[in-house]
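First comes the structure, then the notes that go with it.
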């Protein structure tokens, strides 16, 4: 199985995960979307040196992953392509910010190191929360929630179609790379001289398949808007208000101070 | 039910795929549309559905296939794609079947009922909650036909329905098609299947309608078939 094929399977597995049966899977998508957006906002707004404040936000993914029967480690593995990017963006922090902010056991911790660790933690938390949302909410339901938030119809349709076509494009990548490797068994990757024609072919083939799918959709009455099955969800006030209150407490640093006070 | 008058289909101005096609199809007929690769079989089906432009006139239940009538034409015609992967674009069979029904404006209960009825009729209940990417080609083909039948079209257009099926699934599929009492147009190179399913056969070749007649007249006519890059069905070759 080649890498592209694995990627296709991973995309499709997310759809399967979203069809689970935990408490979190049955909560209204709108509540989950708002809570996730609030979480992202609160985490990202934490100051760059506020490591202990950011660390508290880990409670949300830890508890929700346990409830949804998901693995934090699996989620990290699936986001392995984004993590190096987060590290790369912050790699220079320890070199530019040399101001010593803390001493731990005689080891000086500079502002750069703390901001580096804090930003990576923020990145991981944001990825975990986003993954939690898509792994517990079907894409159609998520789009329905976006419409409830009055996101324009065209954007929501675009989002959903992109998601559907992404799998399609990866399938084409998988087929083409398989054909390539069968005729170039000694090569580890696709040779640079073939990149141009590979990408060109990929574009043409993906467009052909996308056109066929679009035809299939038009023939079944699609006129530019996804109509979704209305589903009733039980109220999730505790989840919704509970977490929003917790996020405010985390962000204001009240809990961090209180926990810190216990140890000092 | 369907009438073609002087239909021309061209992909660009220099390349005419089909020229001056004329025929009509009565309600309840099952037509086999045969011809070599590139003869224009799929193009003709797509023109009926208004998916590609054409010259001349195509009528579906007295409605001319043109932009303003497309919605009603597409409600009358159900199209089964050659590649079931392109037909089944939602994650599960259930969602795929619901897609068209929701677009028809049906409510949740009606959608559920239609899906259950069709799956039960086709004995495919076990596929309802299955993920499309986990289905075999045979199952996918069966599920694809269910998504179309749920919309209750009056005419079923099928593009190479038995290609890539193993013999057992092919037999199941043919039995299922024969069980559907509706107007059907089937394009295929599988002439044995055409013989099993259709009463009338239309041959396309060299951009023209080469022959139109009863299945016995066409499918036993070696000369007509060979002139159009086809062969006698295997069942007749052994005789």
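Since every read-out is calculated from the coordinates, none of them should be taken as a lab result. Bear in mind the structure is a predicted one, so any value in this text is a computation, not a measurement. When we count neighbours, we look across all protein chains shown, and the Cβ atoms used for this are built from the backbone with ideal geometry, even at glycine.
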Calculated on alpha-carbon atoms, Rg and Dmax of chain A in Å: 22.4, 71
Helix-only estimate, please: 222 nm mean residue ellipticity of the protein assembly as shown, summing -39500 (n - 2.57) across DSSP H runs of length 4 or more and dividing by its residues, to the nearest 500. -17000 deg cm²/dmol
Which of rounded, prolate, oblate describes region A:126-264, given a ≥ b ≥ c as roots of the alpha-carbon gyration tensor eigenvalues and a/c under 1.5 marking rounded, otherwise prolate only if a/b is larger than b/c? oblate
By Cβ neighbour count within 10 Å, fewest first, B:27, B:160 rank B:27, B:160
Answer rounded, prolate or oblate for region A:27-93, using the Cα gyration tensor with square roots of eigenvalues a ≥ b ≥ c: rounded when a/c is under 1.5, else prolate when a/b is larger than b/c, else oblate. oblate
Chain A, relative contact order in percent, only Cα pairs under 8 angstrom and at least six apart counted: 32 percent
Gain upon complete extension [residue A:100, residue A:19; 0.36 nm per residue less C-alpha separation]: 24.3 nm
When the C-alpha atoms of region A:132-182 are aligned to their principal axes, what extent does each axis show, in angstrom, from largest down? 48, 24, 11
Would you give the gap between the C-alpha center of region B:192-234 and the C-alpha center of region B:51-77, rounded to a whole Å? 26 Å
Helix A:254-263 versus the longest principal axis of chain A: what is the Cα-based angle in degrees, 0 to 90, to the nearest 10? 50 degrees
With the contact rule set at Cα under 8 Å and sequence spacing of 6 or more, what percent relative contact order holds for chain B? 26 percent
For chain B, state the semi-axes of the equivalent ellipsoid (square roots of 5 times the eigenvalues of the alpha-carbon gyration tensor), sorted largest first and rounded to whole angstrom. 30, 23, 15
Which whole number in µm²/s is D for the protein assembly as shown by Stokes-Einstein, with the Kirkwood Rh taken over Cα pairs at 20 °C and 1.002 mPa s? 80 µm²/s
Distance in nm between residue B:23 and residue A:9 label points, each 7 Å along Cα→Cβ, equals 4.6 nm
If you take all C-alpha pairs in region B:31-101, what percent of them are over 18 Å apart? 50 percent
For residue B:8 and residue A:80, FRET efficiency with R0 = 56 Å and r from the beta-carbon atoms, rounded to 0.05? 0.55
Sort A:55, B:44 so the one with the fewest other Cβ atoms within 10 Å of its own Cβ comes first. A:55, B:44
Tell me, what is a quarter of the convex hull surface for the C-alpha atoms of region A:108-163, in nm² with one decimal? 5.3 nm²
What is the spin-label model distance, in nm, from residue A:249 to residue A:73 if the labels are put 7 Å beyond Cα along the C-beta direction? 3.0 nm
What the Cα atoms of region A:42-187 span along the principal axes, largest first and in whole Å, is 57, 52, 31
Can you bin region A:191-244 into rounded, prolate or oblate? Criterion: square roots of the alpha carbon gyration tensor eigenvalues sorted a ≥ b ≥ c, rounded for a/c under 1.5, prolate for a/b above b/c, oblate for the rest. oblate
For region B:99-218, what's the radius of gyration and Dmax over Cα atoms, in angstrom? 16.2, 50
Taking region A:1-113 as the region of interest, what is the percent of Cα-Cα pairs per 10 angstrom bin, listed from the shortest bin to the one with the maximum distance? 10, 29, 32, 19, 9, 0
Expressed to one decimal in nm², the mean projection of the alpha carbon convex hull of region A:150-205 is 4.8 nm²
Taking every alpha carbon pair in region B:182-239 and sorting the distances into 5 angstrom bins from 0 up to the bin holding the longest one, the percent per bin comes out as 4, 19, 34, 27, 12, 4, 1
Modelled FRET efficiency - R0 51 Å, residue A:149 with residue B:226, Cβ distances, 0.05 increments: 0.20
Could you check the simple spin-label distance between residue A:181 and residue B:70, using points 7 Å along Cα→Cβ, in nm with one decimal? 4.1 nm
Based on the Cβ-Cβ distance from residue B:108 to residue B:154, what FRET efficiency comes out when R0 is 25 Å, to the nearest 0.05? 0.50
